[in-house]
1. Which pairs turn up if I take residues in region B:133-162 that are over 21 Å from B:S105 (Cα atoms) and look for partners that are of a type in the set (S, T, Y) with beta carbon separation below 6 Å, at least 6 apart in sequence or on another chain?
2. Starting from residues that are of a type in the set (A, V, I, L, M, F, W, C) and facing another protein chain (nearest Cβ under 7 Å), keep the ones in region B:216-232 and report whichever is surrounded by the fewest Cβ atoms within 10 Å (Cβ to Cβ).
3. For the structure I just gave you, tell me whether B:L235 is under 26 Å from A:A125 (Cβ atoms), at the interface with another protein chain (Cβ under 10 Å from one of its Cβ atoms) and modelled with pLDDT of 95 or more.
4. Give me the residue from region B:114-135 that is over 22 Å from B:Q36 (Cα atoms) and basic (K, R) and, out of that set, surrounded by the most Cβ atoms within 10 Å (Cβ to Cβ).
5. Could you figure out which of (1) touching a strand residue (DSSP E or B) at 6+ places or on another chain (Cβ under 8 Å); (2) farther than 27 Å from B:L237 by Cβ; (3) not assigned by TED's automatic domain parsing to the domain that holds B:E199; (4) not β-branched (V, I, T) isn't true of B:R37?
6. Would you confirm, using the coordinates I've provided, whether B:G87 is assigned to a loop (DSSP other than H, G, I, E, B), touching a helix residue (DSSP H, G or I) at 6+ places or on another chain (Cβ under 9 Å) and either in the same structural domain as B:V138 (by TED's automatic domain parsing) or among the aromatic types (F, W, Y) (or both)?
7. Considering only residues of region A:144-179 that are in a loop (DSSP other than H, G, I, E, B) and surrounded by fewer than 16 Cβ atoms within 10 Å (Cβ to Cβ), which is nearest to the other protein chains (Cβ to nearest Cβ)?
Protein chains: 2
Amino acid sequence: MPKDKLVELPTDAAHHFVRVMRATSGSQCEVVLPDQRVFQAELVNADPATVKLVQQLDTKPELPVQVVLACGLPKTKGKPELIVQKGTELGASRIVFFAAQRSISQWRANKVAKKLDHLQKIAHAAAEQSHRTQIPQVTYYDSLTNCLDHEQTDYKIVAYEESAKQGEHAQLVQTLKQIQANQSLLAVFGPEGGLTEDEVQMMAKRGIKAAGLGPRILRTETAPLYFLACVSYQLELD
Amino acid sequence: MPKDKLVELPTDAAHHFVRVMRATSGSQCEVVLPDQRVFQAELVNADPATVKLVQQLDTKPELPVQVVLACGLPKTKGKPELIVQKGTELGASRIVFFAAQRSISQWRANKVAKKLDHLQKIAHAAAEQSHRTQIPQVTYYDSLTNCLDHEQTDYKIVAYEESAKQGEHAQLVQTLKQIQANQSLLAVFGPEGGLTEDEVQMMAKRGIKAAGLGPRILRTETAPLYFLACVSYQLELD
């Protein structure tokens, strides 16, 4: 039992707790262990910042299924950041961007690591803020085909505007009523210009089903957030 | 029947269609009439910009219930704008901000009109973008009590973090399964610091029920978007 165990905080957390929050001996915080158990803890030493585990907390902040967002790279500055921040708050397990056929911008090979590092930091901060025990991993693929070849999940759907316009509204509900705890679900979202006929057909060939997300046209960064909220509603509230 | 009827576009729409989109005689667009009917239309004259109604479209982009978001005024610049833009995309009927007890910023009386005008323009643009036929009205109250006194709706709930922490998860589902088409629902959200005990008790006295929005802590601007997606999922997809 790790109760009463002393844990030295990592540098970032130590800085935030001791310098920014001005924690002193006895100040309380929550600590997530590498095995995802959450403990109430208190500061016993400021430098190096060390806490004592007081009591295990019974929190279950993670969605019961693993959700992968696969987003066509948006052209607008700030949108990948918004998707990562809000997607993390809403419980995504992984957030991947892919260069879609209609993506205006692509990430040059020598910039990918730096951009992912930037987004990963946003995911880290958002996970802490929303009291999650998992930090979603952020990844990039240079095409949708590549993305689908590498991301292995139990279920895959695509949010397709044209199918929403034709009144398709049953697929998302059906998928969320079918999926079992600990299974995984990937959802594909187009960039600002939408997915091409080509991409849609390629996904249909792979058996990926089109799901409407309601009758209003959602922006590229809004659709994944709508989707995650629906997953939570069906699996955590209903 | 207004088919073949000629309609002169309002100045903003005329500028966007003719100057920005470079529409010429015969260019197609969608037009929403004051009674909310939607028509396919084509440009017949550029100055003054005039379209001919070609065919009525059978689109139903509005939520079947009227949803009012009542948001404690956030302190962070850009958050009211995000709530209005995304709240409009996701189908809100009205978006009201109130000076909560923990709101860091308040709007001075002589600035309210200007700030609402700014947010109303964002709602207008987002409504067009998402092909809605209604533009949500944006309003401000100087307290929660004032807000609740003025906003008359069939149902009222409050998203309360403490009730989410205690595992409350049935109230939102219950409300959304109860509400009937054309009824109205108001949901209250706290500012960054949350609602005070005082505000929560005042709402309890009025019979406003606390609803958890899942086990993750959502930021003040994320909670209303989660909520609207759930309304759409339950009432438009299920």
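The values are calculated or read from the model by the stated rules, or taken from the named source; none is laboratory data. Just so we're clear, the structure is a prediction, and the values are computed from it rather than from any experiment. Glycine also receives a Cβ, built like all others from the backbone with ideal geometry; neighbour counts cover every protein chain displayed.
1. What qualifies is B:P136/B:T88; B:P136/B:S93; B:T153/B:S184; B:D154/B:S184; B:Y155/B:T175; B:I157/B:T175.
2. To start, the set of residues in region B:216-232 that are of a type in the set (A, V, I, L, M, F, W, C) comprises B:217-218, B:223, B:225, B:227-231.
Cutting the leftovers down to facing another protein chain (nearest Cβ under 7 Å) gives us B:217-218, B:225, B:229-230.
Working: B:I217: 19, B:L218: 24, B:L225: 25, B:A229: 28, B:C230: 26.
Ranking the candidates gives B:I217 first.
3. Values: under 26 Å from A:A125 (Cβ atoms): no; at the interface with another protein chain (Cβ under 10 Å from one of its Cβ atoms): yes; modelled with pLDDT of 95 or more: yes.
No: the conditions fail for B:L235.
4. B:K115
5. (2)
6. Working: assigned to a loop (DSSP other than H, G, I, E, B): no; touching a helix residue (DSSP H, G or I) at 6+ places or on another chain (Cβ under 9 Å): yes; either in the same structural domain as B:V138 (by TED's automatic domain parsing) or among the aromatic types (F, W, Y) (or both): yes.
No: the conditions fail for B:G87.
7. Only one residue fits best here, namely A:A170.
The rows are residues; the columns are (1) at pLDDT 95 or above; (2) farther than 30 Å from B:V96 by Cβ.
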{"site": "B:D12", "(1), (2)": "no, no"}
{"site": "B:F17", "(1), (2)": "no, yes"}
{"site": "B:V20", "(1), (2)": "no, yes"}
{"site": "B:G26", "(1), (2)": "no, yes"}
{"site": "B:V32", "(1), (2)": "no, no"}
{"site": "B:D35", "(1), (2)": "no, no"}
{"site": "B:D58", "(1), (2)": "no, yes"}
{"site": "B:P61", "(1), (2)": "no, no"}
{"site": "B:C71", "(1), (2)": "yes, no"}
